[in-house]
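Starting off with a structure, shown below.
The values are calculated or read from the model by the stated rules, or taken from the named source; none is laboratory data. Everything numeric in this text was worked out from a predicted model, so none of it was measured. In this analysis, Cβ positions are derived from the backbone assuming ideal geometry, glycine residues included, and neighbour counts consider all displayed protein chains.
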Amino acid sequence: MSAREAATADEAAERRPTTSETLRRIVQGDLSSVRVVLGLVLIAAIFQIQEDRFLSAQNLTNLMLQITTIGLISVGIVYVLLLGEIDLSVGAVSGLSAAVMAVLSVKHGWNAYLAIAAAVAVGAAIGCLQGSLFSRFVVPSFVVTLAGLLAWEGALLQVLGQTGSLNITDPKITGLANIFYSDTVGWIFAAVIIAAYGAALAVGYRRRVAAGFDDVSPLPQIVRLVFVAAIVLVAVAILNSDRGVPLAVMILLGFVVGMEYVAKQTSFGRHVFAVGGNAEAARRAGIRVNRVRVAVFTIAGTMAAIGGVMAASRLFAVNQNSGGNELLLLAIAGPVIAGTSLFGGRGSVWTALLGALVIGSISNGMDLLSLSSAVKLMVTGGVLLLAVLVDAVARQQRQTSGRV
Amino acid sequence: MSAAATPLLELDGVSKRFGPVQALDRVDFAVGAGEVVGLVGDNGAGKSTLVKAIAGINPPDAGTIRFEGEEVRISKPQDATALGIATVYQDLALCDNLDVVANLFLGREQVSPGPARISRQLDEVKMEHETADLLSNLAVTIPSLRSEVGTLSGGQRQQVAVARSLLGDPKVVLLDEPTAALGVPQTKQVLELIRRLRERNLGVVVISHNLADVFAIADRVFVLRLGQAAGEFQAEEATEEHVIAAITGIGEGRDKNHENQQPEKGEGA
């Protein structure tokens, strides 16, 4: 009897997936990012009350430049986390790659782009090696990349040699983190981004209509477009009122959008999620699980190298500390704070950006308040713990309500 | 050459040995198009071994397999898939974190036409459309095709797994314990689904411990005991007592406790 009712209820639900259904999709899909955005607003409010320079255009521009390296490295980390694995070597890899670039550029006089390409190739090769060792010998990724962390730090010292530090002078390299576009170019960027996003939404909508789905309504798409357009316009307005839109921000945004596309809309990305969710099921479905794993670690190494290049560009130098300190842990903590699961199969590349923003804001705000690194580290640790606890509670609620 | 004259899938004298254990001993087995065969037997009787032999996971040591009248070699799972034999294992092998559409097309995603093909962009619209068509053909009701499979009930998950096996357009479907661990209404849904497979003229082999379920859907019941064929019944003519007698090998059913203490022979329950 009750089963019959449930069945008819199911049928009814299937036949009219109306506004409540769409609303549910939006809310469930973006719940964790909404939580993070609220967290960001809270953080901004707290710092703004203490120190009114926090939300100034100059400081927000600085903040964006500060998070570029962590954000780029986190993009690779998100992929590793989606597999349910961890890569502890990304900090060291970013330092080593940057050192390779600096040595080639400064000591050997290589063309800047070739030097950068060599650095990225080093990162990709290291990631590929670690991924192969991990998948071929079924060693925990934790251990393989921990060994990598030590070895690549040693390699960094070796590459830098006796000097221990190299100053980068090539403007093509230093420009990466220090070029700002004029106001006009900034507005053109904004227009292009909004137009491209609108076009993508429109194409998707028209395809669904053409396919004859009855659950399509243009309203959510319009809301999304307006929302994104508002964010883009406000961001460009703020950046323009200081030094302009930085090239570094465009690079970070480009990688986040591009890698989010790969993760969510390509068959490779689908396979990453499948392996992270149930590797055995993926294997039986004919997915080459080990290839996916190697590719993901290669992505992590590549993104670490790109992050390292940006860090060197911003610092105008590579030294023995490059890629060291808490960079690695912050790059992993960021996506986790922003809602990418440590257990694999759940997350989004946007969490790389959002997480970097949370961590960057805290660090930047405490710098403005001239707090010591001791306090900064403890607060950042506390935020990470809080984020993971909130996530765990949310997961438990999903389980009790039948959602795994 | 009608389906009745030549069975779709025919095993002839198939044997399989695991070390000292003779898991299958000269078994003859057949399933025709539009026929549901219930494969029953005690733990360790060789049911799963037989299915794995057909599915290419454990190729037999001896005997011949004929598919549509022609002798074939099935030495790996891909061989079985290529012939048109699909298997739904008991653990279903679904990704809980992916939605119904993604699970159905896992490993054979549809790629968009046009320039986006370079990046192997998923054609979500096409996949969702085909999923909706397939599920409605099978009269499977799932609240939303975009809900994660982990949020579905056991019966719905089983139905998704069965539907997935149909995407490759198979001719024979092997189902390993499709109703185990399901409640009464869910079992009913899955049995309904199996009937619809028969209506699509597929050959269906169902392993089950539950004789009531077997009698509810099977046209024919095939009994294995200690790796040997121990009886074959037309479901309409046989009674549960006959089948139980064949399963246990004695005139009357034994008490449950004793039955459960039978040593298992390399076969998951």
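From A:A295, A:A274, A:A285, grab the single residue that is of a type in the set (A, V, I, L, M, F, W, C), assigned by TED's automatic domain parsing to the domain that holds A:I116 and under 19 Å from the mean Cα position of the chain (by Cα). Write out each step before concluding.
Details: A:A274 fails: under 19 Å from the mean Cα position of the chain (by Cα); A:A285 fails: under 19 Å from the mean Cα position of the chain (by Cα).
Just a single option satisfies the conditions, and that option is A:A295.
In the list A:A312, A:A305, A:A295, which residue meets the criterion of being assigned to a helix (DSSP H, G or I), aliphatic (A, V, I, L, M) and surrounded by fewer than 23 Cβ atoms within 10 Å (Cβ to Cβ)? Before the answer, list the steps.
Working: A:A312 fails: surrounded by fewer than 23 Cβ atoms within 10 Å (Cβ to Cβ); A:A305 fails: surrounded by fewer than 23 Cβ atoms within 10 Å (Cβ to Cβ).
Checking each option against the conditions leaves just A:A295.
Another question about this same structure. Scan B:D79, B:D91 and give me the residue that is acidic (D, E), within 14 Å of another protein chain (Cβ to nearest Cβ) and more than 22 Å from B:G32 (Cα to Cα). Show your work before the answer.
Details: B:D79 fails: more than 22 Å from B:G32 (Cα to Cα).
The conditions single out B:D91.
How many residues does segment A:298-325 contain that are over 22 Å from the mean Cα position of the chain (by Cα) and polar (S, T, N, Q)? Can you show your working first?
First, pick out the residues of segment A:298-325 that are over 22 Å from the mean Cα position of the chain (by Cα): A:316-321.
When the remaining residues are screened for being polar (S, T, N, Q), the result is A:319-321.
Selection size over segment A:298-325: 3.
Name every residue in segment B:58-71 that is free of Cβ contacts under 8 Å to residues at least 24 places away in the same chain and farther than 13 Å from B:L9 by Cα, in order of residue number.
Taking segment B:58-71 first, the residues free of Cβ contacts under 8 Å to residues at least 24 places away in the same chain are B:59, B:70-71.
Answer for segment B:58-71, where residues must be free of Cβ contacts under 8 Å to residues at least 24 places away in the same chain and farther than 13 Å from B:L9 by Cα: just B:P59.
Looking at A:T266, A:T298, which is the one that is within 12 Å of another protein chain (Cβ to nearest Cβ) and among the β-branched types (V, I, T)?
Of A:T266, A:T298, the one residue that is within 12 Å of another protein chain (Cβ to nearest Cβ) and among the β-branched types (V, I, T) is A:T266.
Another question about this same structure. Evaluate the following for A:T174: is it part of a helix (DSSP H, G or I), more than 14 Å from chain B (Cβ to nearest Cβ) and either surrounded by 15 or more Cβ atoms within 10 Å (Cβ to Cβ) or in contact with a Ser or Thr (Cβ under 6 Å, 6 or more places away or on another chain) (or both)? Explain how you work it out, then say what you get.
Working: part of a helix (DSSP H, G or I): yes; more than 14 Å from chain B (Cβ to nearest Cβ): yes; either surrounded by 15 or more Cβ atoms within 10 Å (Cβ to Cβ) or in contact with a Ser or Thr (Cβ under 6 Å, 6 or more places away or on another chain) (or both): yes.
Taking the combined requirement at face value, the residue satisfies it.
Which one of these is in the same structural domain as A:K172 (by TED's automatic domain parsing) and not in a helix (DSSP H, G or I): A:G324, A:G381, A:G334, A:G355?
Values: A:G381 fails: not in a helix (DSSP H, G or I); A:G334 fails: not in a helix (DSSP H, G or I); A:G355 fails: not in a helix (DSSP H, G or I).
Result of the check over A:G324, A:G381, A:G334, A:G355: A:G324.
Hey, another quick one. On the basis of being surrounded by fewer than 20 Cβ atoms within 10 Å (Cβ to Cβ), within 9 Å of chain A (Cβ to nearest Cβ) and in contact (Cβ under 8 Å) with a residue 40 or more places away in the chain, does B:S119 make the cut? I'd like the intermediate steps shown before the answer.
Details: surrounded by fewer than 20 Cβ atoms within 10 Å (Cβ to Cβ): yes; within 9 Å of chain A (Cβ to nearest Cβ): yes; in contact (Cβ under 8 Å) with a residue 40 or more places away in the chain: no.
The answer is no for B:S119.
Would you list the strands (runs of 3 or more DSSP E) that sit entirely within segment B:166-233 and hold 1 or more residues that are over 27 Å from B:E130 (Cβ atoms), more than 14 Å from chain A (Cβ to nearest Cβ) and among the β-branched types (V, I, T)? Can you show your working first?
On the way: elements: B:172-176, B:203-207, B:220-225.
The strands (runs of 3 or more DSSP E) meeting that bar are B:203-207, B:220-225.
Here's the yes/no breakdown for (1) under 18 Å from the mean Cα position of the chain (by Cα); (2) not in a loop (DSSP other than H, G, I, E, B):
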position: B:Q22; (1), (2): no, yes
position: B:D25; (1), (2): no, yes
position: B:A33; (1), (2): yes, no
position: B:V40; (1), (2): yes, yes
position: B:S48; (1), (2): yes, yes
position: B:I54; (1), (2): yes, yes
position: B:Q90; (1), (2): yes, no
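Just checking, which of A:N325, A:N290, A:N321 is surrounded by fewer than 18 Cβ atoms within 10 Å (Cβ to Cβ), more than 30 Å from A:G175 (Cβ to Cβ) and either more than 14 Å from chain B (Cβ to nearest Cβ) or among the β-branched types (V, I, T) (or both)?
Details: A:N325 fails: more than 30 Å from A:G175 (Cβ to Cβ); A:N321 fails: more than 30 Å from A:G175 (Cβ to Cβ).
Sole residue among the options that is surrounded by fewer than 18 Cβ atoms within 10 Å (Cβ to Cβ), more than 30 Å from A:G175 (Cβ to Cβ) and either more than 14 Å from chain B (Cβ to nearest Cβ) or among the β-branched types (V, I, T) (or both): A:N290.
Next question. Can you tell me which residues in segment A:69-119 are closer than 12 Å to A:I306 by Cα and of a type in the set (S, T, Y)?
A:T69, A:S74, A:S94, A:S97
Could you check B:N210 against (1) farther than 28 Å from A:F213 by Cβ; (2) out of contact with any Ser or Thr (no Cβ under 7 Å at 6 or more places or on another chain); (3) free of Cβ contacts under 8 Å to residues at least 40 places away in the same chain and say which number it fails?
Failed condition: (2).
Let me ask something else about it. Tell me, yes or no, whether segment A:20-31 has at least one residue that is buried (at least 19 other Cβ atoms within 10 Å of the Cβ) and either at pLDDT below 95 or touching a Leu at 6+ places or on another chain (Cβ under 6 Å) (or both). Walk me through how you get there before you give the answer.
Filtering segment A:20-31 down to residues buried (at least 19 other Cβ atoms within 10 Å of the Cβ) leaves none.
No, segment A:20-31 contains no residue that is buried (at least 19 other Cβ atoms within 10 Å of the Cβ) and either at pLDDT below 95 or touching a Leu at 6+ places or on another chain (Cβ under 6 Å) (or both).
Residues checked against (1) of a type outside the set (D, E, K, R); (2) part of a helix (DSSP H, G or I); (3) surrounded by 15 or more Cβ atoms within 10 Å (Cβ to Cβ); (4) more than 10 Å from chain B (Cβ to nearest Cβ):
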residue: A:G212; (1), (2), (3), (4): yes, no, no, no
residue: A:V236; (1), (2), (3), (4): yes, yes, yes, yes
residue: A:G258; (1), (2), (3), (4): yes, yes, no, no
residue: A:R270; (1), (2), (3), (4): no, yes, yes, no
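Go through segment B:131-143 and give me each residue that's crowded, with 17+ Cβ neighbours inside 10 Å and either over 20 Å from the mean Cα position of the chain (by Cα) or within 11 Å of chain A (Cβ to nearest Cβ) (or both).
Within segment B:131-143, the subset crowded, with 17+ Cβ neighbours inside 10 Å is B:131-132, B:135, B:138, B:140-143.
B:T131, B:A132, B:L135, B:V140, B:T141, B:I142, B:P143 - these are the residues of segment B:131-143 that are crowded, with 17+ Cβ neighbours inside 10 Å and either over 20 Å from the mean Cα position of the chain (by Cα) or within 11 Å of chain A (Cβ to nearest Cβ) (or both).
Sticking with this one: What is the residue count in segment A:217-230 for residues that are under 22 Å from the mean Cα position of the chain (by Cα), surrounded by 12 or more Cβ atoms within 10 Å (Cβ to Cβ) and among the hydrophobic types (A, V, I, L, M, F, W, C)? First the steps, then the outcome.
Taking segment A:217-230 first, the residues under 22 Å from the mean Cα position of the chain (by Cα) are A:224-225, A:227-230.
Filter again for surrounded by 12 or more Cβ atoms within 10 Å (Cβ to Cβ), leaving A:224-225, A:228-229.
Of the ones still in play, those that are also among the hydrophobic types (A, V, I, L, M, F, W, C) are A:225, A:228-229.
Residues flagged as under 22 Å from the mean Cα position of the chain (by Cα), surrounded by 12 or more Cβ atoms within 10 Å (Cβ to Cβ) and among the hydrophobic types (A, V, I, L, M, F, W, C) within segment A:217-230 amount to 3.
I've got another one for you. Would you mind telling me which numbered condition in (1) out of contact with any Cys (no Cβ under 7 Å at 6 or more places or on another chain); (2) among the aliphatic types (A, V, I, L, M); (3) within 13 Å of chain B (Cβ to nearest Cβ) A:A312 fails?
Result: A:A312 passes all but (3).
Test of understanding: among A:Y181, A:Y205, which residue is of a type outside the set (K, R) and in contact with a Gly (Cβ under 6 Å, 6 or more places away or on another chain)?
Numbers: A:Y205 fails: in contact with a Gly (Cβ under 6 Å, 6 or more places away or on another chain).
A:Y181 is the lone residue from the list that is of a type outside the set (K, R) and in contact with a Gly (Cβ under 6 Å, 6 or more places away or on another chain).
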